[in-house]
Amino acid sequence: MKRPLSSLNLCTNTKMKLGRAGFQYTSDLHHLNPEQVSQEAGVSQQEALQVLQAVRTGCGGASLSALELLQKEESFRSIITFCSQLDSALGGGLPVEKITEICGVPGVGKTQLW
């Protein structure tokens, strides 16, 4: 996803320096190391490390928009359990990248799921 550097939780001065150096999107910085960012943008090594950390963690403290969250959620796949009733109840199977807890009264067969 192409994310503008302006959306990162960085100080304004750092964002301005990055912009003047021609960096507009997080993808512009993914392949660089801290020394390169420092030299090209005219920021300190510490600032360069902060910038790259913000870029590589995805949003650098900024919140994702509702659309971005929905798109991320829709990209997740489910693991089919081959139990049609359970898959139906779970909306297609066990969702990947989420924790699913199966609970119920004693004796209903929860242990047999695993």
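The values are calculated or read from the model by the stated rules, or taken from the named source; none is laboratory data. Everything quoted here is computed from the prediction, not taken from an experiment. A quick note on method: Cβ atoms are made from the backbone with ideal geometry, for glycine too, and the neighbour counts reach across all protein chains shown. The accessibility values were calculated without ligands, DNA or RNA, using every heavy atom of the protein model including side chains. Shrake-Rupley method; radii C 1.70, N 1.55, O 1.52, S 1.80 Å.
The figures follow:
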quantity	calculated
In Å², nearest 10: area of residue 57 left accessible to a 1.4 Å probe	100
Rg [Å, one decimal], Dmax [Å, integer] - the chain, C-alpha atoms	21.7, 66
Largest-first ordering by accessible area, 1.4 Å probe, given options 76, 23	76, 23
Descending Cα extents along the principal axes, the stretch 62-112, whole Å	46, 20, 13
On Cα atoms only, tilt of 45-56 relative to the major axis of the chain in degrees	30
Lysine pairs in the chain with Cα atoms under 28 Å, if 8 or more residues apart or on separate chains	7
Largest-first ordering by accessible area, 1.4 Å probe, given options 103, 11	103, 11
Qualifying GluC sites (Glu not before Pro) in the stretch 31-109, DSSP loop, other Cβ atoms within 10 Å at most 16	97, 101
